[in-house]
Structures are given as C-alpha cells and as structure tokens.
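Contents: one structure, followed by commentary.
The values are calculated or read from the model by the stated rules, or taken from the named source; none is laboratory data. Note that the coordinates shown come from a computational prediction; the quantities given were computed from them, not determined experimentally. Note that we place each Cβ from the backbone using ideal geometry, even for glycine, and neighbour counts take in every protein chain shown. SASA here: full protein model, heavy atoms, side chains in, ligands and nucleic acids out. Shrake-Rupley method; radii C 1.70, N 1.55, O 1.52, S 1.80 Å.
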Amino acid sequence: MRNFFGKSVAVGAIAMLALTACGSGRDDETKPGSNGGSEKGFAANSLIGVALPAKTSENWVLAGDLFTNGLKEAGFTADVQYAGASTTVADQQAQITAMTTKGAKVIVVGATDAAQLSTQIAAAHKAGAKVIAYDRLILNTPDLDYYVAFDNFKVGQLQGQALLDGLKKKKAKGPWTIELFSGSPDDNNAGVFFKGAMDVLQPEIDKKNIVVGSGQTDVKQTAIQGWKAEGAQARMDQLLTSTYGSKELDGVLSPNDTLARAIIQSIKSRNKPVPVVTGQDSEVESVKSIMAGEQYMTINKDTRNLVKETINMVKALQAGNEPQINDTKSYNNGTKVVPTYLLPPVAVTKDNAAEAYANDPKLAPLTK
Ligand code: BGC
C-alpha cells in the first residue's frame with residue numbers, strides 16, 4: 001500500500017509541476033490537454049536530450065540512430081549522446097547536466113549506473129525537464145517521471161524456461177549440470193533478469209533436477225562487470241578449469257547475446273561441446289549462431305518499438321498530455337513507484353526465428 005500511495009502522490013505532483021512549469025513558459029505552444037482541458041506542453045521544435053550508456057550491445061547502437069532520426073522526424077531538436085567506454089558514469093552525469101543547461105524539455109536516459117544519477121536528474125527536473133528512464137530504471141530518485149522498457153522480469157523467465165526446455169531436449173532426463181551468469185551489477189536490469197530466470201530455475205535446483213556445477217548461485221558471484229565480453233570469457237575459462245575437467249556442462253544461463261558468444265567461444269577453445277546457452281537482444285551474430293545450431297536462444301526486444309514508444313511519450317508531453325502507461329506497480333526505484341510503459345519480450349529459438357523476425361529487414365534474411 002505504501003507504494004500505491006507513493007505512486008499516487010508522485011503522479012499528482014508531476015501533474016502539478018507540469019501545470020506550474022507550463023504556466024510560466026514564455027515560448028510554450030498552447031495545445032489542448034488529453035482531457036480537453038487547457039494544459040500546455042512545450043514548443044514543437046524543443047530540444048530533447050537522449051543520454052545512452054556505452055555501446056555494450058547492438059541495441060544501444062540501434063537506439064542512438066533511431067532516436068536521432070525519429071526525434072528529428074517528429075520535429076524536435078535531438079541531442080543524442082553516448083557515455084564513453086571507460087569513464088561511463090562521469091560522462092553520463094556531465095551529458096545530462098549539459099542537456100539541462102541547454103534547456104532540454106525531456107531527457108531520456110539509458111542509465112550507465114542506476115544509482116548514480118539522482119543529483120543530475122534532480123537538477124534536470126528542477127529546470128523543468130521531464131525525465132524518462134529508457135530500458136534501465138534509475139534508482140533512488142523522486143525526480144524520475146516515467147520508465148519505458150521491455151518487461152525485464154519476463155525476459156529472465158523466458159531465458160530460464162528456454163534453458164530448461166533446451167536441457168530436456170538435449171538429455172531427456174536430468175540431473176543437468178549448468179552454470180549461471182548475470183549482467184553488470186550497476187545496471188538494475190541485471191538483477192531483474194537474474195531473478196526472473198531463477199524464478200524458473202530455482203525450483204528445479206531445489207528438486208535436484210538441475211545442479212550448478214561450481215555452486216555459484218548468488219547474483220554477486222555470477223555478475224559480469226560492465227557487461228563485458230572479456231569478463232564473461234574469463235569467468236567461463238576459470239569455471240572450465242575449476243569444475244569441468246571431465247564433468248559435462250549441459251547448459252549456461254547467459255543474460256545477453258554478447259556474453260553468450262564469449263561463453264561459447266571459451267568453451268569451443270577447449271574443444272568442449274557447446275552446451276545449451278541462452279541470450280538476449282537478437283544480435284546479428286547470435287541469430288546466425290542460433291540458425292547454425294550453436295547458441296540455443298535469444299530474446300527479441302525490438303529496439304524500434306522501444307524507441308517508438310519513448311518518442312510517443314515525448315510527443316504526449318509536448319502536447320501537454322499524460323503519456324500512456326500500462327504498469328503502475330512493478331518498478332519501485334527505492335523512492336517511488338515509477339509510472340511505466342512495458343513492452344512484451346519474445347523468446348526466440350531456431351524453431352520460431354523466421355516467424356519472430358518476419359518484420360525485421362535485417363534479421364529476416366538470416367532465418368531463410
Ligand atoms: C539491456 C540489455 C543489454 C544489456 C547490455 C541491458 O540493460 O536491457 O538488452 O543486453 O543492458 O548492454
């Protein structure tokens with residue numbers, strides 16, 4: 001109930017802020033509100049900031065281009081920035097501050113570090129910008145207005161279920177021996193993906209149908225800092241040495257495609273058979289690997305749809321309307337429950353790849 005009331009108060013406060021901010025705007029365009037009222041948004045060609053993390057996976061590269069083009073097409077002025085590869089947190093903090101100074105009306109953030117942006121977000125909010133968390137939640141701030149993402153818990157559940165299905169296909173009867181990997185601890189998604197996967201896998205571990213060979217089942221033990229491929233490869237190398245001299249490895253829970261390919265590479269370099277390996281993001285090389293029968297599965301989170309929904313939110317705010325949200329309970333950022341728009345992720349194996357990517361001109365040809 002605390003969350004529920006927290007959310008209501010927060011949404012009310014946002015509406016108040018919107019009215020106050022618009023009332024004092026000089027060059028704001030007047031548009032009727034969604035409810036037929038006289039709320040105002042902001043000028044149609046306003047600056048919209050997009051602060052993305054380092055390009056740790058293909059989806060971020062795609063998102064940058066889609067935001068630049070999509071915002072421009074919608075008539076906005078776009079400022080799309082990526083955090084650098086090494087000093088990601090400081091870079092992103094500085095970029096958000098610069099966007100605020102330049103007068104951005106909305107700042108979309110794909111957080112490099114979920115817990116280290118509250119100061120910059122507070123300043124942006126104070127200056128009158130709306131803040132949207134894109135794909136990754138921003139923690140411990142009352143100043144985050146909206147969150148738009150694929151259902152991250154569901155992503156984890158789909159990975160866990162696919163791993164289990166794949167293991168059963170590989171060997172009809174358990175126990176199956178697996179290893180668990182998770183993403184970067186500074187990305188809130190990493191823990192949510194892992195929880196979703198363990199929601200499916202833990203009961204099987206409890207029943208001893210699944211054995212985690214190394215015994216490393218804690219999210220901290222399985223984490224790969226910065227979502228770095230080399231980190232996953234190094235951990236897999238270590239696990240193979242410590243645990244899989246003669247023992248067979250049946251499956252690996254990998255949180256995304258970049259790490260999945262690094263894990264597969266580590267295993268292949270020892271001339272071991274490739275186990276059932278999960279992934280996420282539908283990266284080109286992983287879709288090829290799936291079609292070649294190597295990586296077992298990935299998740300389709302069509303970046304085009306996520307960016308489109310985000311731009312829809314920006315358009316609604318510009319027009320002085322409340323953006324569409326479809327979840328008001330799942331994402332508590334430690335301070336408030338953030339009004340969220342969630343999109344459904346889809347699990348993809350070789351069996352349904354053609355269908356899953358039918359509308360994706362880049363991936364569809366790979367499934368023929
Ligand atoms: C995204 C994943 C991505 C990962 C690494 C996560 O926050 O949701 O799609 O694989 O970051 O870039």
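Restricting Leu139, Leu144, Leu164, Leu117 to those that are closer than 18 Å to Ser254 by Cα and in contact with a helix residue (DSSP H, G or I) (Cβ under 9 Å, 6 or more places away or on another chain) reduces the list to Leu164.
Can you name the residue in the stretch 182-217 that is in a loop (DSSP other than H, G, I, E, B) and open to solvent by 70 Å² or more (accessible area, probe 1.4 Å) and is also nearest to Ser330 (Cα to Cα) among such residues? Even if it seems obvious, please write down each step before you answer.
Kept after step one, since they are in a loop (DSSP other than H, G, I, E, B), are these residues of the stretch 182-217: 183-187, 207-209, 213-217.
So of that shortlist, the ones also open to solvent by 70 Å² or more (accessible area, probe 1.4 Å) come out as 185, 207-208.
Numbers: Pro185: 20, Lys207: 29, Lys208: 31 Å.
The qualifying residue nearest to Ser330 (Cα to Cα) is Pro185.
Selection of strands (runs of 3 or more DSSP E) fully inside the stretch 55-154 by the criterion of at least 3 residues being touching a Leu at 6+ places or on another chain (Cβ under 8 Å) returns 77-82, 130-134, 146-150. Among the conditions (1) within 12 Å of the ligand (Cβ to nearest atom); (2) touching a Lys or Arg at 6+ places or on another chain (Cβ under 9 Å), Ala124 misses just one, which is (1). When Met1 is tested against (1) modelled with pLDDT under 95; (2) assigned by TED's automatic domain parsing to the domain that holds Ser118, only condition (2) is not met.
Only one of the numbered conditions (1) modelled with pLDDT of 90 or more; (2) within 28 Å of the chain's Cα centre (by Cα); (3) open to solvent by less than 40 Å² (accessible area, probe 1.4 Å) is violated by Ala10, and that is (1).
Of the residues making up the stretch 304-334, those that are open to solvent by 20 Å² or more (accessible area, probe 1.4 Å), within 16 Å of the chain's Cα centre (by Cα) and of a type outside the set (S, T, N, Q) are Arg304, Lys308, Glu309.
Please specify each residue of the stretch 335-356 satisfying the condition of being open to solvent by 60 Å² or more (accessible area, probe 1.4 Å) and within 19 Å of the chain's Cα centre (by Cα). Walk me through how you get there before you give the answer.
Initially, the stretch 335-356 is screened for residues open to solvent by 60 Å² or more (accessible area, probe 1.4 Å), giving 335, 344, 346, 350-351, 355.
Answer for the stretch 335-356, where residues must be open to solvent by 60 Å² or more (accessible area, probe 1.4 Å) and within 19 Å of the chain's Cα centre (by Cα): Pro344, Val346.
Reported count of residues in the stretch 155-181, each being open to solvent by 30 Å² or more (accessible area, probe 1.4 Å) and in a helix (DSSP H, G or I), is 7.
The numbered conditions (1) under 20 Å from Pro185 (Cα atoms); (2) buried (at least 21 other Cβ atoms within 10 Å of the Cβ) are all true for Asn140 except (2).
Does Leu249 fit the bill of being buried (at least 16 other Cβ atoms within 10 Å of the Cβ) and either in the same structural domain as Lys55 (by TED's automatic domain parsing) or in contact with a Lys or Arg (Cβ under 6 Å, 6 or more places away or on another chain) (or both)? No; evaluated as a whole, the condition is false for this residue. Of the residues making up the stretch 81-92, those that are touching a residue at least 24 places away in the same chain (Cβ under 8 Å) and open to solvent by 40 Å² or more (accessible area, probe 1.4 Å) are Gln81, Tyr82, Ala85.
Scanning the stretch 47-77 for residues that are without any contact (Cβ under 8 Å) to a residue 60 or more places away in the chain and either aromatic (Phe, Trp, Tyr) or open to solvent by 40 Å² or more (accessible area, probe 1.4 Å) (or both) yields Lys55, Trp60, Val61, Asp65, Thr68, Asn69, Lys72, Glu73, Thr77.
Checking each residue in the stretch 255-278 for being open to solvent by less than 10 Å² (accessible area, probe 1.4 Å), in a helix (DSSP H, G or I) and within 15 Å of the ligand (Cβ to nearest atom) picks out Asp257, Leu259, Ala260, Ala262, Ile263. Any residue in the stretch 237-258 that is of a type in the set (S, T, N, Q), at pLDDT below 95 and more than 19 Å from Phe193 (Cβ to Cβ)? Yes, there is a match, as at least one residue in the stretch 237-258 is of a type in the set (S, T, N, Q), at pLDDT below 95 and more than 19 Å from Phe193 (Cβ to Cβ).
Residues of the stretch 223-235 include at least one that is open to solvent by 30 Å² or more (accessible area, probe 1.4 Å), modelled with pLDDT of 95 or more and in a loop (DSSP other than H, G, I, E, B).
On inspection, Lys301 qualifies as open to solvent by 10 Å² or more (accessible area, probe 1.4 Å) and touching a strand residue (DSSP E or B) at 6+ places or on another chain (Cβ under 6 Å).
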